[in-house]
2 protein chains.
Amino acid sequence: MVTKTTIAPRDRLKTEQTILDAIGRLILRDGLAGVGVNALAREAGIDKVLIYRYFGDLDGVYEAFAERGDFWWQVEDMLAATAEAPDLPNALKLGMRFHAREMRRRPVTLSVMAAETTNRTPLTIALETVREKRSLDLFEQMAARYPDNRAIDIPALTGLLGAAIDYLAIRSRSIKRYGGVDVGSHAGWERLFKTIDLMIDGTFADACP
Amino acid sequence: MVTKTTIAPRDRLKTEQTILDAIGRLILRDGLAGVGVNALAREAGIDKVLIYRYFGDLDGVYEAFAERGDFWWQVEDMLAATAEAPDLPNALKLGMRFHAREMRRRPVTLSVMAAETTNRTPLTIALETVREKRSLDLFEQMAARYPDNRAIDIPALTGLLGAAIDYLAIRSRSIKRYGGVDVGSHAGWERLFKTIDLMIDGTFADACP
DNA sequence: CGTTTTTGTCACCATGTGGTGACAATTAGG
DNA sequence: CCTAATTGTCACCACATGGTGACAAAAACG
């Protein structure tokens, strides 16, 4: 019985996509540090020389991967998520919830951000750039929407809460509890959000006796 | 002229210490990921076979390094730093300042915690263990000192602020600004502390109109 | 058809890695 | 002083890494 082994047609674009898919899986499974030319070729099931031919370099793969990746929320989505807030504090509360949800939804982003704490590769740099740009955009839009900045250090406030959310999201990949809070469950994060709400409200309501 | 090249006396304990010193420098310079048997032997200026003989394994070096390392604050020091606080919120404020100062004072700890986000080695595990134990100790002591826990989720509050401080301290090794705040300078951190104070005070004073 | 370019396969290189065995130099013990 | 254990040096192994050149199979093009 002659099984006509169907030969895959030669297609450069398809091969490139195969490589980009593979690097996503690789980052997810072994982290950014586990990515190498040999490992990537093995994971993609192609010859490593094709990586050099099509992307020139491993960094070239990173750049291509960064371009077509959905690593961060869009500013318009953040604005929509906070649209129904009557004032700045409530917008911040909704924004923090949105940010946390979007982060936890992107495990590859979390993996890259984890690597960001130790190394600085083209991928982390690309992600950093996107993040800074979107944050700046958001700040402008928010300032226009809520002109009354009540002498509160908004950058410090959002920086602190954002850092906390980022770090807890990153660490939740490998640990379940952080300082007595279950960062692996929906309930645990709801608990955090309630406290965040309290902190934000309290900060804005400092004119109390 | 015959220079009598003084031969270093053979001393196992001294060699072990040389290795442990070298691994500290190595972690500081290249991060935990940059540590290998060959690199360590090179840095220490000894033969790598001695590493295997004296510590059995690279993990053995990690364990020995973890044992004689000063990676975290002592509970008694934290208690002393917050002793003059009249109530829980003020104790928390002082505690956060103390924690941040002690963290930023230990670059090796920051390096290990950065690696902790991606890998899990005997060193990171050892550090994790110490941290959990001290935190638990502190919680007990604090609960005894301030019995009035006003229906506030203290673990969530300290977890969030602690996570923010940890992450900002870790990232401050490689970046200068985080979301509009200068995390590389004393002034930047003072700005963060002021906001943290506001957040804590506000959280505890939620009984406002 | 024939020719040229592209796609993919394979063998190979130098180098770095973790790890081990043999052996000389130096101690310590009797 | 002689012997036995310890400390340190060196050569070596198998393997994985990043990277390159040669070459056959397939397309594209005239």
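The values are calculated or read from the model by the stated rules, or taken from the named source; none is laboratory data. Keep in mind it's a predicted model, so treat the numbers as computed, not measured. Note that each Cβ is placed from the backbone with ideal geometry, even for glycine, and that neighbours are counted across all protein chains shown. Just so you know, the surface numbers come from the protein's heavy atoms only, side chains and all, with ligands and any DNA or RNA stripped out. Shrake-Rupley method; radii C 1.70, N 1.55, O 1.52, S 1.80 Å.
Taking GluC sites (Glu not before Pro) across the stretch B:64-98, the ones in a DSSP loop with at most 14 further Cβ atoms lying within 10 angstrom of their Cβ are B:Glu84.
Label point of B:Glu84 (7 Å along Cα→beta-carbon): distances to the other copies' equivalent points are 5.0 nm, sorted ascending. With its label point defined 7 Å out from Cα along the Cα-to-Cβ axis, B:Asp57 lies at 3.8 nm from the matching points of the other copies, in increasing order. Within the accessible area of chain B, the carbon and sulfur atoms contribute 53%, probe 1.4 Å, all protein chains present. Pairs from the table (A:Lys176/B:Lys48; A:Lys48/B:Lys48; A:Lys133/B:Lys194; B:Lys93/B:Lys133; A:Lys48/B:Lys176) lying more than 29 angstrom apart at Cα are A:Lys176/B:Lys48; A:Lys48/B:Lys48; A:Lys48/B:Lys176.
The 3J(HN,Hα) values that the Karplus relation (6.51, -1.76, 1.60; θ = phi - 60°) gives for the stretch A:157-165 are, in residue order, 5, 5, x, 5, 5, x, 4, 4, 5 Hz. Gly and Pro appear as x. What longest range of chain B stays clear of loop-exposed trypsin sites (Lys or Arg not before Pro) (DSSP non-H/G/I/E/B, at most 15 other C-beta within 10 angstrom)? Maximal segment without exposed cleavage sites: B:11-67.
Peptide A:58-68 is shielded by partner chain Cβ atoms: per residue, an average of 0 of them sit within 10 Å of its Cβ.
Amide H contacts for B:Tyr178 (H built 1.01 Å from N in the peptide plane; partners 5 or more residues away or on another chain; cut-off under 5 Å): B:Val183. Each Lys or Arg adds one and each Asp or Glu subtracts one; over the other residues with Cβ under 12 Å from the Cβ of A:Asp30, this totals +2.
At q = 0.08, 0.10, 0.13, 0.18 Å⁻¹ the log10 of I(q)/I(0) for chain B amounts to -0.38, -0.56, -0.83, -1.25, computed by Debye summation with a single uniform scatterer per C-alpha, solvent ignored. Interface residues of the stretch A:164-198, defined as those with an accessible-area decrease of at least 40 Å² between the chain by itself and the complete set of protein chains (probe 1.4 Å), are A:Ala164, A:Tyr167, A:Arg171, A:Tyr178, A:Arg191, A:Thr195, A:Leu198.
Based on DSSP H segments of at least four residues, each scored -39500 (n - 2.57), chain A has a per-residue ellipticity at 222 nm of -21500 deg cm²/dmol.
Placing a label point 7 Å from Cα along the Cα-to-Cβ direction at A:Ser185 gives distances to the equivalent points in the other copies of 4.5 nm, listed shortest first. Excluding ligands, DNA and RNA, the accessible surface per residue across chain A is 53 Å² with a 1.4 Å probe. Chain B holds its axis-closest Cβ, relative to the rotation onto A, at the residue and whole-Å distance B:Gly202, 1.
Peptide B:129-135 has a mean shielding of 1, counted as Cβ atoms of other protein chains within 10 Å of each residue's Cβ. Between the alpha-carbon centres of the stretch B:145-209 and the stretch B:58-114 there is a gap of 16 Å. Could you state, as a whole-number percent, how many of the C-alpha pairs of the protein assembly as shown are farther apart than 40 Å? Counting pairs separated by more than 40 Å, the tail of P(r) holds 28 percent. Only protein heavy atoms count here, probed at 1.4 Å, and on that basis chains B and A bury about 3400 Å² of accessible area in total.
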